[in-house]
1. At 1.4 Å probe size, with every protein chain present, just tell me what the per residue accessible area of the chain comes to in Å².
2. Would you please put 297-307, 223-233, 390-400 in order of how densely packed they are, using the mean number of other Cβ atoms within 10 angstrom per residue and starting with the highest?
3. Once phi is turned into θ = phi - 60°, what whole-Hz ³J(HN,Hα) does the Karplus curve with 6.51, -1.76 and 1.60 give for every residue of segment 167-181, x standing for Gly and Pro?
4. Can you compute the helix-only [θ] at 222 nm over the chain? Use -39500 (n - 2.57) per DSSP H run of at least 4 residues, normalise by all residues, nearest 500 deg cm²/dmol.
5. Considering only Val170, Ala208, Tyr188, whose Cα is most displaced toward the positive end of the charge dipole of segment 167-215, charges sitting on Cβ of Lys, Arg (+1) and Asp, Glu (-1)?
6. Distance between the C-alpha centers of segment 274-306 and segment 64-107? Whole Å please.
7. When the label point is put 7 Å from the Cα of Glu249 along its Cα-to-beta-carbon vector, which residues of segment 295-321 have a backbone N closer than 20 Å?
8. Could you sort the peptides 131-144, 98-111 by per-residue average Cβ neighbour count (10 Å cutoff), highest mean leading?
Amino acid sequence: MSIPRQSRGRRSAAVLATVVAILAAACSPAASQAPTTQPSAASQAPASAAAGTKHVSIVNKDMTDDEIKAAVAKEGGLVVGNWTYAATDEIVKQFQAYVKTTYGADIKLTYAGTQSPSEYLTKLAAAKAAGDPAQYDVLAVEENYWYDATEQGLVDDYLPSGLIPNQSLVLESFQHVPTSIAFQSTAYPGVVYNKAKAPFIKSLKDLADPRLKKKVTLPAAGDITAGGFFLGLASELGKDYKDPNQMKEVVDWAFTNIGPNVSQYTTDQPTLQQLFESGSADAVAFWNSLARLEYLGGHKDAALLVPATIYPANGYLWIPKAAQHPVLAQIFINWRLSPEVQFPNAWPIDHGKWSELSEGFLGPKYVDLVPDWFKSDYFTYFPTLEQIQTSFKPIDWKAYNASAKVFQDYYKAKLGQ
């Protein structure tokens, strides 16, 4: 089996049917039916601009197409902070080709990747304190990091913008105007397990089963992968994630009961895939997209444990203050939201990489874009748009961040870090 070793994203048909059953309990539209909810026009109106121009946010200018092309050529490139996608090279290639075709400029997209996005905030905060320009032009990471960065005064306003007409395709519930917009709708931390070797796994608490001795991985401390795992476990244990003391109890429960089964605490995906594919681990805690990547890549026993309570931690696009390439930053965001990138059906990538990049519907305009090869199975792997809107439990990020500062440090201390 050949599966890329550098990915993120973030389900065997039988197991993934479970997510449909769970979500269908809340709503049961026909699989192919598009919900009637439409994006609100109130916040979607493009910024006003003089005739023949587009109003470009951040630079705060009404610019003609020729002026925009000149600005793109002058900026010459941009830096995007994201995760470690398997298809990173193709993302770079496709965006650079898009800019060449649309704006006539040869530019360089530098695509930074990490599974610990807090690193980006640390660097941005240091740059701000030193009075230096931001090291990144776009951040494409989980929603909690946008909230944290906003609290630190690191996030610029850019919505609406004449360079981002695709904002109108995205449901208002996936937007934080004027500072960020989602490019995912179904991402959450979960557990990928081998259904042939560990068919008894039905809940996160089942990771404590002694049959899993040294066959489990749990996330490293400090970031949302671990935080999301503990949110799910807290729900199963009847604990309130907003209370840091209760979350300490959840961490203690995990160490006492799951700890004997843990072989590694890591969020390094190449390591997780190597352990899982070699049989050294039968259950790995990571992101739900890993199950699709493994299954569609040929690991037919790869299955996803669907938590009883699903807390999404979707990726959001935002621009740091003092970004050095604000025009290209907005062009990248618009491109990332475009139907042909949300559903990269024409890209020369395998189905596993496709399923990692495409993370659910952002609005009704995307619903009809499921590729032919996936149409019969798509709603086994993904919820409908109506289910996304009604069955995922939103996270109170302010409360989560306050609690996480305590229980993540506690978790680190338990790990001896």
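1. On the way: 15800 Å² over 417 residues.
Result: 38 Å² of accessible area for each residue.
2. Answer by packing, highest mean first, reads 223-233, 297-307, 390-400.
3. Coupling constants for segment 167-181: 4, 5, 7, 9, 4, 4, 5, 9, 10, 10, 5, x, 10, 7, 8 Hz.
4. -11000 deg cm²/dmol
5. Ala208
6. Distance between centres, Cα-based: 33 Å.
7. 308-309
8. Descending mean neighbour count gives 131-144, 98-111.
The values are calculated or read from the model by the stated rules, or taken from the named source; none is laboratory data. Just so we're clear, the structure is a prediction, and the values are computed from it rather than from any experiment. Virtual Cβ from ideal backbone geometry, glycine too; neighbours counted across all protein chains shown. Ligands, DNA and RNA are stripped out before the accessible areas are found, and what is left, the full protein with its side chains, is counted by its heavy atoms. Shrake-Rupley method; radii C 1.70, N 1.55, O 1.52, S 1.80 Å.
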